[in-house]
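The values are calculated or read from the model by the stated rules, or taken from the named source; none is laboratory data. Note that the structure is predicted; figures quoted are calculated from it, not measured. Neighbour counts are summed over all protein chains in view; Cβ atoms, including those assigned to glycine, are modelled from backbone coordinates with ideal geometry.
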Amino acid sequence: MTTFYVTTAIDYVNARPHLGTAYEKIGADCLARYKRLAGFDTYFLMGTDEHSTNVEREARNLGKDPQAYTDEMAPVFENTWKTLHISYDQFIRTTDARHKRAVAKLFETIHKNGFIYEGKYSGLYCEGCEEFKVEKDLIDGKCPRHLTVPKFIEESNYFFALSKFSDRLKSHILANQDFIRPEVRKNEILNVIESGLEDVSVSRAGKTWGVPLPIAPDQVVYVWFDALINYISAIGYGEAGESGGDTAKLFEKYWPADVHVIGKDITRFHCLIWPAMLMAAGVELPKSVFGHGFVYNRGEKMSKTLGNIVDPINLANFFGADALRYLLLREIAFDRDGDFTVELFVTRYNAELANELGNLFSRSLSMTGRYFDGAVPAYSAEAAKETARLTHDVIEDYRREMDALAFDRALAALWRAVQDANRFVEERKPWAQSKAGDTPALGVTLRSLLEVLRVCSVLCQPFMPEKALAMRAQLGLVPEFGLDEAHQAGDANWKRVGTSAVLFPRIDIDAQKAS
């Protein structure tokens with residue numbers, strides 16, 4: 001079985017997850033679920049980045065030990081992801097002993113290979129980004145992301161010779177067209193290389209919160225160098241042999257990663273520093289990095305600094321977790337920025353989920369119950385013809401767009417079938433066919449509609465896993481299925497549908513505000 005390894009960025013735990021964070025995780029989860037559905041042996045990694053100065057500061061502000069604080073916060077993230085039906089296989093924490101061993105191992109290997117040296121750093125440092133800045137990165141002297149003035153830092157530490165990898169990085173990017181996606185991110189990175197790469201600091205002096213530097217225990221590994229290694233520490237890098245156990249076997253099985261799903265603001269770390277680190281250590285590079293866009297709250301990027309955080313748990317409670325997953329990925333293309341408002345999401349929810357899919361589902365099952373006592377009409381040549389017409393190119397378009405992480409376009413392909421099926425109901429008028437006693441024509445109509453809904457129950461699964469199971473239960477279909485079933489019309493085991501229940505209750509936002 002072909003393997004597929006997908007990861008997300010790991011999150012700082014100095015604040016609770018927000019809607020922008022959830023957007024990334026939901027997108028990666030849809031990809032992982034789709035690959036499992038398509039028959040891939042899929043491994044999905046998520047986690048928390050805990051050695052940040054921001055995390056340590058937040059802990060100290062609360063009068064807590066940083067380790068105790070991160071031990072409290074990690075479950076907050078896990079519970080959020082479980083609420084949103086995120087199906088990760090492992091949740092890595094950078095305070096895990098296994099991760100620390102892998103960080104030390106990779107650092108020692110890079111040092112032994114001659115790419116680490118001691119030096120002095122002086123310059124600007126944004127504590128929010130945990131990143132050293134140059135003047136050209138700033139707007140009016142401030143970090144454009146956090147709107148704060150970076151601090152001037154001068155200290156002796158250790159550097160990674162990133163500049164030595166300029167040519168290799170450029171050659172790899174140009175030779176592997178899917179290494180950086182979408183295209184706009186690739187062009188940005190190539191421009192950075194053309195402007196000249198500088199060596200980067202990989203340690204911090206005078207710090208105790210972090211992984212001790214193997215060659216200088218009075219310093220800690222710089223948080224970004226530490227964090228990037230989670231992608232291989234989680235699957236057993238450096239733990240080969242009997243002592244590594246099953247975890248070590250994961251590295252052999254799943255690395256290189258098929259795709260790192262990250263925010264567009266951290267592409268430099270993932271597309272320059274991370275691959276150069278791997279090159280320096282003699283480790284194979286990931287196959288692809290996908291830098292998604294941002295979710296804005298009425299035109300502003302969500303952040304703790306700006307105080308405009310939207311809690312995804314609250315939205316999941318309002319819309320339902322599956323509906324929220326659908327709305328985010330339907331409304332906001334994964335490769336670009338998009339805006340969120342409750343009003344916008346309610347409008348789409350009512351129009352598409354409640355009206356188009358929900359009503360189609362309810363009407364089709366109700367009419368099957370009323371006219372055929374719940375028995376699924378026979379799959380005739382005419383029904384096959386109508387089903388093929390209603391689902392024409394839908395599955396192929398869906399698969400192509402899912403492989404490209406174009407989730408909005410994959411859903412648009414699926415929704416063509418939903419909307420065509422609704423028009424088909426109005427054209428065929430099954431109530432009139434019943435009244436006229438034209439049972440064969442009525443059977444073709446309803447069987448064609450049921451086939452469209454069956455296909456929907458398969459293709460909806462990565463986006464709305466619980467609703468897909470609810471659809472299949474009401475359709476009388478087995479809960480275990482794969483993507484191939486979308487092509488398998490006329491299943492002989494499909495005998496009877498159940499009683500229809502409302503999948504997506506309509507939302508009256510005015511009534512909600514009044515209550």
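Worth pointing out:
- Taken across the stretch 184-194, residues that are in contact with an Asp or Glu (Cβ under 6 Å, 6 or more places away or on another chain) and either buried (at least 19 other Cβ atoms within 10 Å of the Cβ) or not polar (S, T, N, Q) (or both) do not occur at all.
- Residue that is out of contact with any helix residue (DSSP H, G or I) (no Cβ under 8 Å at 6 or more places or on another chain) and either surrounded by 22 or more Cβ atoms within 10 Å (Cβ to Cβ) or modelled with pLDDT of 95 or more (or both), where the choices are R454, R428, R423, R409: R423
- Qualifying residues in the stretch 91-141 (those that are within 14 Å of S203 (Cα to Cα) and in contact with a Leu (Cβ under 8 Å, 6 or more places away or on another chain)) - the one modelled with the highest pLDDT: F107
- Listed by first and then second residue, the pairs with beta-carbon distance under 7 Å, at least 6 apart or on different chains, first residue in the stretch 64-80 and modelled with pLDDT of 95 or more, second of a type in the set (D, E, K, R) and not in a helix (DSSP H, G or I), are T70/E50; A74/R93; V76/R16; F77/D11.
- A248 meets each of the listed conditions (1) in contact with a strand residue (DSSP E or B) (Cβ under 9 Å, 6 or more places away or on another chain); (2) surrounded by fewer than 21 Cβ atoms within 10 Å (Cβ to Cβ); (3) modelled with pLDDT under 95 apart from (1).
- The listed residue being in a helix (DSSP H, G or I), in contact with a Phe, Trp or Tyr (Cβ under 9 Å, 6 or more places away or on another chain) and within 19 Å of Y231 (Cα to Cα), out of L45, L31: L31
- Filter pass, L459 being surrounded by 21 or more Cβ atoms within 10 Å (Cβ to Cβ) and either without any contact (Cβ under 8 Å) to a residue 12 or more places away in the chain or within 25 Å of F334 (Cβ to Cβ) (or both): yes
- Test: residue in the stretch 53-71 that is closer than 26 Å to M402 by Cβ and not in a loop (DSSP other than H, G, I, E, B): no
- Unmet requirement for Y326, which otherwise passes all of (1) aromatic (F, W, Y); (2) part of a helix (DSSP H, G or I); (3) over 19 Å from the mean Cα position of the chain (by Cα): (3)
- Any hit, the stretch 144-156, residues being at positive phi, at pLDDT 75 or above and surrounded by 13 or more Cβ atoms within 10 Å (Cβ to Cβ): no
For (1) out of contact with any helix residue (DSSP H, G or I) (no Cβ under 9 Å at 6 or more places or on another chain); (2) of a type outside the set (A, V, I, L, M, F, W, C), each residue gets a yes or a no:
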site: D11; (1), (2): no, yes
site: P17; (1), (2): no, yes
site: A32; (1), (2): yes, no
site: L37; (1), (2): no, no
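- Residues that are aliphatic (A, V, I, L, M) and either crowded, with 18+ Cβ neighbours inside 10 Å or in contact (Cβ under 8 Å) with a residue 40 or more places away in the chain (or both) within the stretch 164-183 comprise L169, I173, I180, listed in sequence order.
- Qualifying residue in the stretch 284-304 (condition: of a type in the set (D, E), modelled with pLDDT of 95 or more and in a helix (DSSP H, G or I)): no
- Number of positions in the stretch 412-459 that are part of a helix (DSSP H, G or I) and more than 18 Å from N359 (Cβ to Cβ): 15
- Taking the stretch 331-353 as the range and being assigned to a strand (DSSP E or B) and without any contact (Cβ under 8 Å) to a residue 60 or more places away in the chain as the test, the residues that pass are G338, D339.
- Residue tally, condition under 24 Å from Q67 (Cβ atoms) and part of a strand (DSSP E or B), over the stretch 184-237: 11
- Scanning the stretch 374-389 for residues that are buried (at least 20 other Cβ atoms within 10 Å of the Cβ) and either under 30 Å from D335 (Cα atoms) or not β-branched (V, I, T) (or both) yields P377, Y379, A383, E386.
- Selection status of N314, modelled with pLDDT of 95 or more, among the polar types (S, T, N, Q) and closer than 25 Å to M464 by Cβ: no
- When the test is whether a residue is under 19 Å from the mean Cα position of the chain (by Cα), at pLDDT 95 or above and crowded, with 20+ Cβ neighbours inside 10 Å, T83 does not pass it.
- Comparison of T95, T48 shows that the only residue that is under 26 Å from the mean Cα position of the chain (by Cα), polar (S, T, N, Q) and surrounded by fewer than 22 Cβ atoms within 10 Å (Cβ to Cβ) is T95.
- For the condition surrounded by fewer than 21 Cβ atoms within 10 Å (Cβ to Cβ) and touching a Ser or Thr at 6+ places or on another chain (Cβ under 6 Å), Y371 qualifies.
- Among the candidates E118, E56, E108, the residue that is within 24 Å of Y222 (Cβ to Cβ) and in contact with a Lys or Arg (Cβ under 9 Å, 6 or more places away or on another chain) is uniquely E56.
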